Every structure is written in C-alpha cells, then in structure tokens.
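> Below you will find the structure I want to go over with you.
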Number of protein chains: 2
Amino acid sequence: MESRIERIKKQLHGASYKLTPQREATVMVLLENEEDHLSAEDVFLLVKERAPEIGLATVYRTLELLTELKIVDKINFGDGVARYDLRQEGATRFHHHLICIECGSVDEIQEDLLGEVEKIVETRFQFTVKDHWLTFHGICKRCKQKENKKK
Amino acid sequence: MESRIERIKKQLHGASYKLTPQREATVMVLLENEEDHLSAEDVFLLVKERAPEIGLATVYRTLELLTELKIVDKINFGDGVARYDLRQEGATRFHHHLICIECGSVDEIQEDLLGEVEKIVETRFQFTVKDHWLTFHGICKRCKQKENKKK
DNA sequence: CTAGATGCAAACATTTTGCATGATT
DNA sequence: AATCATGCAAAATGTTTGCATCTAG
C-alpha cells in the first residue's frame with residue numbers, strides 16, 4: 001500500500017518538479033497538521049524545526065506549487081492571512097468550513113452538501129461549476145454547551 | 001418614499017456616527033456601483049472624483065464602519081485584495097457569487113439557495129448558522145457561448 | 001464647545017521578486 | 001553539466017496607526 005506522502009511526491013515528479021528536501025519537509029508538515037489551517041508563517045516555523053535552513057520565500061513558493069497541483073487549497077478567512085488546507089485525495093470539490101464567531105474555531109465538513117444547489121446553478125444560471133467554496137459563520141457546538149452550563 | 005441612501009444615513013446616525021461629507025460620498029459611490037466588487041483603492045479613486053481631498057485612510061475607516069453596521073460585506077476572492085459589496089436591504093445572509101475562471105467575471109446570486117443545507121448543518125453538526133459565504137468557480141454563460149461559436 | 005473624524009505620513013504585515021549560490025536529475 | 005530550486009535581502013502590496021488639525025452635532 002502506497003502512502004499519501006509517496007503519492008504526493010509522485011505527483012510532484014509527474015509534473016516534473018524536483019523533489020527537494022525542503023519540498024518534502026513542507027508536505028510532511030501539511031500532512032501532520034491536516035486538521036489545522038496553517039498560514040505560510042505557521043508552515044515556515046514548523047518546517048524550520050526539521051530543516052532549519054529553509055527560507056520563508058521557499059515555503060511560499062512551495063505552497064504556491066502545491067496549490068497549482070490542487071494538492072492544497074489556499075483559503076482566506078477574512079483576516080489578511082492566507083491559509084493552506086490539504087484537499088482530500090480524489091476530491092473534485094473543496095470541502096466546507098464552519099467558523100465559530102465566539103471562539104474562532106474552524107471545523108471542516110468533508111461531505112459535499114451542495115449537489116442539489118450546483119444543479120440549480122447549472123440550469124438556472126447556465127454556469128458550469130468546477131469548484132465551490134462554502135463557509136458558515138455561527139456558533140459551534142462547544143460554545144453552545146458552554147452557554148448552557150452558565151444558565 | 002424614503003431612498004436607500006437616506007436609510008443608510010439614518011443607520012449611521014442611529015449608531016451615533018457623524019455624517020461627514022466623506023462618508024456620504026463613500027456610500028454614494030458604493031450605491032452607484034452596486035454591481036461591482038470594488039476594492040478600497042477603487043472606492044478611493046471614485047470618491048476622489050467628487051471629494052478630491054479625501055484620504056485613503058478615511059476610505060478604509062469608512063468601509064470598516066459600514067462593514068460593522070452590516071451595510072456592506074468585506075469579501076476576499078483569493079487575490080490579496082479585500083472587496084466591498086453592498087448587502088441587500090433586510091437580508092440576513094450574504095448573497096452568493098459565481099466567479100468565471102475564464103474571464104474573471106463575478107456575478108451575484110441574490111436568492112438564498114442554502115435553506116436546506118443550513119438545516120443539515122444545524123442538526124447534524126449542532127452549529128447555529130448566522131451567516132454564510134458561498135462562491136462557485138466555473139465557466140459563465142457568456143464564455144460558454146463564445147466557446148460554442150468557435151466550433 | 002467637544003467628541004469624534006480627517007488627512008497625511010509613517011509604520012506594519014504579508015507576500016513577491018532579483019540575484020548569486022547550490023542541489024537534483 | 002544544465003536546469004531548476006534555494007536563501008537572503010530588498011521591494012512591492014495592502015492595510016493600519018499616530019498625531020495634529022478640523023468639523024459635525
């Protein structure tokens with residue numbers, strides 16, 4: 001069984017990009033922090049732990065590369081910082097996010113909830129959907145529980 | 001019949017903000033370009049036409065204010081620039097966008113297509129939805145017509 | 001009259017780029 | 001060996017802030 005990291009490496013190779021230690025370390029960091037939504041700076045600091053000589057510019061260049069190859073998605077939650085999120089293997093659409101306006105947590109929804117909605121968009125607006133970006137703002141489960149305990 | 005601009009002015013007043021000529025000019029520009037998705041710089045240049053002494057910082061401060069009052073929404077389509085979009089009067093949710101990956105056009109969908117999806121999120125993830133942000137990437141009607149003509 | 005708003009310039013934060021050096025295929 | 005990738009520093013971009021001045025209420 002081939003591991004996820006190996007497949008990503010092959011993807012890089014396949015697109016005729018060199019497999020440098022810096023790129024490898026960056027991919028590893030992304031895999032190990034799949035739950036998080038790391039900024040370039042975050043990735044830089046984590047990569048630095050295992051490859052201290054790496055420069056921030058290289059991280060930016062690698063993340064751009066991975067975005068191009070659709071291995072990661074670049075997201076922007078409104079603060080001025082770009083974050084990078086691994087795409088599920090084989091997924092044709094980006095996953096959804098739940099952002100809590102109380103605690104700032106970001107949860108992911110892997111299921112695609114937009115099948116019907118995309119059909120409507122395709123027929124009613126004659127727009128061929130290639131990808132989607134859906135984010136909900138609201139109150140998360142955990143904060144609601146906290147609220148209830150107070151009462 | 002009260003005009004939209006007057007109601008916005010009252011909202012400003014109501015929140016005890018002063019109604020300066022600069023703020024008025026900024027709101028006018030937003031109303032006159034409701035279809036567009038103007039950046040702060042865009043707004044600045046347009047406001048400058050009618051109030052040449054205005055400074056960019058004031059535009060930023062006004063746009064922040066209007067965002068706070070939910071008169072406009074601050075959006076980020078992935079390029080590093082924040083754009084500002086008037087919210088429909090009385091709308092509790094932000095409207096959706098269709099971004100064409102061919103020509104870069106941004107169309108708006110005012111109808112709320114997410115009623116059912118929000119219900120699922122509320123029950124399945126116990127997340128109370130306050131607002132949503134939905135963007136589709138794909139090929140717009142116009143670009144598809146151009147494609148067909150070529151054949 | 002006074003709190004709040006403005007314009008300007010400087011500061012900030014993030015991201016991009018130029019270039020000489022270094023490493024991968 | 002040749003091409004592509006890297007690190008560093010400088011530059012570019014977009015946004016925010018400090019402060020003296022001004023103005024709407």
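The values are calculated or read from the model by the stated rules, or taken from the named source; none is laboratory data. Quick caveat: nothing in here was measured; it's all calculated off a predicted structure. Cβ sites come from the backbone with ideal geometry, for glycine too, and all protein chains shown count toward neighbours. For accessibility, only protein heavy atoms count, side chains too; no ligands or nucleic acids. Shrake-Rupley method; radii C 1.70, N 1.55, O 1.52, S 1.80 Å.
> Checking the a/c ratio against 1.5 first, then a/b against b/c, what shape does the Cα gyration tensor give for chain B?
Working: a/c = 2.21, a/b = 1.28, b/c = 1.72.
Because a/c hits 1.5 or more and a/b fails to exceed b/c, chain B counts as oblate.
> Could you point to the residue in B:Asn148, B:Phe136, B:Ser105 farthest towards the positive end of the stretch B:92-151's charge dipole, with +1 and -1 charges on the Cβ of Lys/Arg and Asp/Glu respectively?
B:Asn148
> For chain A, with a Gaussian network of springs between Cα atoms less than 10 Å apart, report the residue from A:Val59, A:Val106, A:Val117 with the top mean-square fluctuation.
A:Val117
> Counting pairs of alpha carbon atoms under 8 Å apart in space and at least six apart in sequence, what relative contact order in percent does the stretch A:7-57 give? Walk me through the numbers on the way to the answer.
Details: 24 pairs, mean separation 15.8, N = 51.
About 31 percent, as a whole number.
> How far is B:Lys10 from the same spot in each other copy, in nm, shortest first, if each label point sits 7 Å from Cα toward Cβ?
6.6
> Helix B:115-124 against the longest principal axis of chain B: what's the angle in degrees, Cα atoms only, rounded to the nearest 10?
That works out to roughly 80 degrees.
> In nm, what does the list of distances from A:Cys103 to its counterparts in the other copies look like, shortest first, when each label sits 7 Å along Cα to Cβ?
Label-point separations across copies, in nm and ascending: 4.6.
> Report Rg/Rh for the protein assembly as shown, rounded to two decimals, where Rg is the Cα radius of gyration and Rh the Kirkwood radius.
On the way: Rg = 21.9 Å, Rh = 21.8 Å.
With Rg and the Kirkwood Rh in hand, the quotient comes to 1.00.
> Give me, ordered by chain and number, the residues 5 or more places off B:His96 or on other chains with an amide H under 5 Å from its own placed amide H.
B:Ile109
> Sticking with this one: If you roll a 1.4 Å probe over the heavy atoms of the protein chains, what accessible area per residue do you get for chain B, in Å²? Intermediate values should be presented prior to the final figure.
Values: 8360 Å² over 151 residues.
For chain B, the per-residue accessible area is 55 Å².
> What's the total accessible area buried between chains B and A, using a 1.4 Å probe, rounded to the nearest 100 Å²? Walk me through the numbers on the way to the answer.
Working: alone 9870 and 9880 Å², together 16720 Å².
That pair hides around 3000 Å² of surface in total.
> GNM, chain A, Cα, under 10 Å: largest mean-square fluctuation among A:Leu114, A:Leu12, A:Leu63?
Its mean-square fluctuation being the largest, the pick is A:Leu114.
> To continue, here is another question. What does the C-alpha gyration tensor say about the overall shape of the stretch A:1-90? Classify as rounded when a/c is under 1.5, otherwise prolate if a/b is larger than b/c, or oblate.
On the way: a/c = 1.56, a/b = 1.20, b/c = 1.30.
Taking the square roots of the gyration eigenvalues as a ≥ b ≥ c, the stretch A:1-90 is oblate.
> Would you work out which of B:Val81, B:Ile71, B:Gly14 lies farthest towards the positive end of the dipole of the stretch B:1-90? Charges go on Cβ: Lys and Arg +1, Asp and Glu -1.
After comparing all options, I get B:Gly14.
> Taking the label point 7 Å from Cα in the Cβ direction, how far apart in nm is A:Tyr60 from each other copy of itself, listed shortest first?
Spelled out, the distances from A:Tyr60's label point are 1.9 nm.
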